Amino acid sequence: MTKSAEVERWFASTKPPSEAALRRVRDIILAADQSMRERIQYGITFSSTKSGDFAAFVRYSEPGVNLRLMRGRRLHGRYPHLEGATVRRMRFATATEATARAAELRSMVKEWCALGDAAKTASARASTG
């Protein structure tokens with residue numbers, strides 16, 4: 001799991017009200033797949049792989065965690081806590097709730113990473129074929 005010093009500075013300067021829950025969600029995402037990275041862009045934290053952004057913490061100045069999935073409609077697994085028809089998100093009130101939903105979140109990350117791997121494999125086949 002690779003944590004970014006830039007994101008640590010963001011936590012220190014922003015001091016979000018649900019920092020413990022944000023950190024727990026962050027840890028779950030980063031630990032789910034070795035290709036997952038994090039960065040700050042537009043003043044918010046993003047989790048991403050080389051194939052694109054997975055999710056970002058939005059509305060972090062409000063209590064709880066609002067994790068917005070980028071292109072979340074690409075996920076086809078059964079995720080009971082994934083909300084929204086167009087903009088997909090997952091919300092957590094506390095770090096305890098994040099821990100309780102860790103398996104679901106890990107599955108989402110793994111599916112996301114597999115989609116990127118499949119796109120790279122298909123692209124490589126197309127360029128050699």
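Table for the structure above
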item: Lys, Arg +1 and Asp, Glu -1 on Cβ, resulting dipole of the chain about Cα centre, debye, nearest 20; result: 280
item: Cα-projected label distance for K110 with H81, points at 7 Å along beta-carbon direction, nm; result: 1.7
item: Residues with amide H under 5 Å from that of T45, placed H, sequence gap 5 or more; result: F57
item: Nearest-10 value in Å² for the accessible area of K15, using the 1.4 Å probe; result: 140
item: FRET efficiency estimate (nearest 0.05) - Cβ-Cβ, A20 to R71, R0 35 angstrom; result: 0.80
item: The chain, accessible surface, carbon-and-sulfur percent (1.4 angstrom probe); result: 52
item: FRET efficiency, 1/(1 + (r/R0)^6) with R0 41 Å, evaluated for T96 and A5 via beta carbons; result: 0.90
item: Reach of K110 by Cα under 15 Å, taken over aspartates and glutamates that are not fewer than 8 positions away in the same chain; result: D27, D33, D53
item: Area projected by the alpha carbon convex hull of the chain, averaged over all directions, nm²; result: 8.3
item: Given charges at Cβ of Lys, Arg, Asp, Glu: the chain dipole, positive-most of S107, G77, V58; result: G77
item: Karplus (6.51, -1.76, 1.60) ³J(HN,Hα), θ = phi - 60°, over region 48-65, in Hz, Gly and Pro reported as x; result: 8, 10, 4, 8, x, 7, 8, 7, 9, 7, 10, 6, 5, 7, 9, x, x, 10
item: Residue-normalised accessible area of the chain, expressed per residue, 1.4 Å probe, Å²; result: 55
item: By average C-beta atoms within 10 angstrom, highest first, the peptides 1-11, 77-87, 19-29; result: 19-29, 1-11, 77-87
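The values are calculated or read from the model by the stated rules, or taken from the named source; none is laboratory data. From a predicted model like this one, the values you see are computed outputs, not experimental measurements. Positions of Cβ are backbone-derived with ideal geometry, glycine not excepted, and every protein chain shown enters the neighbour counts. For accessibility, only protein heavy atoms count, side chains too; no ligands or nucleic acids. Shrake-Rupley method; radii C 1.70, N 1.55, O 1.52, S 1.80 Å.
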